[in-house]
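Heads up: the structure comes next, in structure tokens.
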Amino acid sequence: MQIAQELAGYSLGGADLLRRAMGKKIKSEMEAQRKTFIDGAVARGVGDAKAEQIFEQVAKFAGYGFNKSHAAAYALIAVQTAYLKANHPVEFMAASMTYDLGNTDKLNQFRQELSRLKIALLSPDVNRSDADFRVEQRDDGQGDGQGDGRPAIRYALAAVKNVGAAAMTALTAEREAGGPFSDLGDFAKRLDARQVNKRQIERLACAGAFDSLEPNRRQVCEGAEHLMRHANLAADERDSSQASLFSDDSSLPTARVALPEVPDWPAMDRLRHEFEAIGFYLSAHPLESYGRTLARLGVVGCEELPQAMARAPGRKKMAGIVIGKREITTRQGKRLAFVQFSDMSGVYEVSIFAEVLGRVRELLETGRPLLLNVDARQDGADLRLNAQDISALDETVASASSGLRLYLNQAEPLVQLQSLPARAKEGSGTGRSGGGGAARGRVALVLAAGEGDEVELELPGAYRLSAEMRRAIKAIPGMTVEDC
């Protein structure tokens with residue numbers, strides 16, 4: 001463009017037309033530009049032959065120069081980013097995630113890469129997170145129980161769905177100015193009600209951002225309106241200048257926020273709400289509780305599938321939580337579904353053709369754990385998965401698992417747990433004895449004993465742990481369930 005301007009008298013707009021003709025290799029336009037270029041150069045004292053020669057060089061550049069210049073620029077960026085990732089992986093990944101802050105699919109891909117790099121991704125926290133992703137040095141072990149000195153990435157508050165970057169920036173600015181929030185009352189007192197609303201508090205609660213202040217996520221979520229009421233009252237007091245002239249707002253007593261007295265969500269519901277707020281499972285995955293049984297069944301994770309297919313092509317067993325579904329009608333008038341699943345190693349998609357779809361459609365509910373038999377075929381660099389059979393994972397686990405291990409750190413779940421065998425026997429014949437297809441298994445209680453120690457107590461006898469019984473146990477709040 002500069003050659004055309006200086007040598008042939010092109011305007012900036014005219015030079016851009018020449019650039020576009022060169023870049024798109026429009027031959028007719030280049031021929032029209034040839035006359036304009038040569039006439040302009042001759043008018044500025046350049047000989048016809050020299051002007052023709054220069055234009056030919058410019059035209060030749062159009063054949064390879066654009067590709068070469070772009071390749072050089074991209075190569076430079078590739079080398080720079082490769083250096084940063086190799087030498088400063090935590091900082092590089094935090095910056096990359098901040099760049100794609102609003103793209104949940106990309107953030108999930110980064111999360112999988114962090115898992116491969118063995119870099120921890122910590123849950124959002126109103127007392128630790130910034131609006132953007134940031135590096136956190138875990139050298140004290142506080143909050144995460146992992147004081148190993150290795151840096152981790154703290155999840156960005158603004159990356160929680162539907163909370164907004166401006167509101168989260170204001171929230172973190174208040175924390176930096178006034179210090180960490182001591183409790184929910186202090187948070188409500190200092191909250192700018194013009195920046196943060198009830199819906200945003202609910203999203204933050206579901207994502208686990210208040211866990212350090214109140215671990216009962218359901219209580220905070222359902223108490224969001226109470227928090228906003230306290231925030232508005234505190235704002236009114238500040239605006240009306242009722243505080244002493246010789247004291248600042250921080251000296252005012254913090255009123256206790258009366259949250260609803262409700263038990264926390266069961267583990268599966270807790271993770272479901274977290275998925276809705278973040279876009280993927282972060283603190284844990286619903287399939288973790290099935291881990292040992294899945295290994296016995298020979299289930300392959302989506303990350304391991306390429307290697308498994310290389311070793312032994314053919315049909316594979318997979319497990320996953322339904323996270324999305326799309327149905328279409330083919331030209332032949334048949335229904336075809338594309339279903340997205342999440343397992344502990346990543347996200348994958350399975351095609352379900354009409355013959356199978358008709359049998360399993362009622363199982364394809366969002367959040368439901370399923371067991372799949374799939375045929376995989378290589379399509380370029382991708383593996384295409386076609387479902388041959390799908391079943392409810394709970395039903396299969398009920399007949400394959402040898403028992404349950406129940407992790408408790410409080411006494412409340414024991415009351416509900418005590419009544420389950422009798423209730424199950426009365427309702428469905430799945431108590432300690434009787435009919436049904438469930439396998440008999442042991443049940444063990446694992447109790448927290450302080451300072452990281454645990455005590456395991458096995459209940460006497462064997463229980464018929466049907467799918468219904470397992471779902472009832474997993475629905476008890478305050479308890480983590482693991483298949484044995």
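None of the figures in this text is laboratory data; all of them are computed from the coordinates on show. Everything numeric here is computed off the predicted structure, so don't read it as measured data. Ideal geometry is used to build each Cβ from the backbone, glycine not excepted, and the neighbour counts take in all protein chains shown.
Things to note:
- One decimal place: the segment His88-Glu454 gains 128.0 nm when fully extended, by the rule 0.36 nm per residue minus the C-alpha distance.
- Phi-based couplings in Hz for segment 321-330 (Karplus 6.51, -1.76, 1.60; Gly and Pro marked x): 9, 5, 10, x, 8, 9, 10, 9, 10, 6
- Proximal aspartates and glutamates relative to Lys24, as straight alpha-carbon distance under 20 Å, when same-chain residues fewer than 8 apart are discounted: Asp16, Glu56
- Relative contact order, percent, segment 2-84 [alpha-carbon distance under 8 Å, six or more residues apart]: 28 percent
- Beta bridges by DSSP in the chain, antiparallel share as percent, to the nearest 5: 85 percent
- Here the peptides 111-118, 160-167, 471-478, 183-190 are ranked by packing, the mean other Cβ count within 10 Å, and the order with the highest first is 183-190, 471-478, 160-167, 111-118.
- Alpha-carbon gyration tensor eigenvalues x 5, square-rooted, for the chain, Å: 55, 37, 20
- In this simple spin-label approximation, Asp236 and Glu412 carry label points 7 Å from Cα along the Cα→Cβ vector, and these lie 3.1 nm apart.
- Rg in Å to one decimal, and Dmax rounded to a whole Å, for segment 2-84 via C-alpha atoms: 15.6, 52
- Working from Cα pairs under 8 Å separated by at least six residues, relative contact order for the chain is 9 percent.
- Proximal lysines to Lys198, defined as alpha-carbon separation beneath 22 angstrom and excluding residues fewer than eight positions away on the same chain: Lys161, Lys189
- Ranked by the mean number of other Cβ atoms within 10 Å per residue, highest first, peptides 12-23, 226-237 order as 226-237, 12-23.
- Computed Kirkwood radius, in angstrom, where 1/r is averaged over Cα pairs of segment 322-416: 15.6 Å
- Restricting segment 357-404 to GluC sites (Glu not before Pro) in coil, as DSSP defines it, with at most 13 other Cβ within 10 Å: Glu365
- Look at His88, His70, His273 and count the other Cβ atoms within 10 Å of each Cβ; fewest to most, that gives His70, His88, His273.
- A simple rule links phi to the HN-Hα coupling: the Karplus curve 6.51 cos²θ - 1.76 cosθ + 1.60 with θ = phi - 60°, which for segment 102-110 gives x, 10, 4, 4, 5, 4, 5, 5, 5 Hz, with x for Gly and Pro.
- Loop-located trypsin sites (Lys or Arg not before Pro) in segment 317-411 whose Cβ has at most 12 other Cβ within 10 Å (DSSP): Arg331
- Working note: Cα atoms of segment 105-278, range along each principal axis, descending, whole Å: 56, 32, 27.
- Using θ = phi - 60° and Karplus 6.51 cos²θ - 1.76 cosθ + 1.60, couplings along segment 407-412 (whole Hz; Gly, Pro as x): 9, 10, 10, 8, 8, 3
- Computed about the Cα centre, the dipole magnitude for segment 310-399 is approximately 300 debye when only Lys and Arg (+1) and Asp and Glu (-1) carry charge, each at its Cβ.
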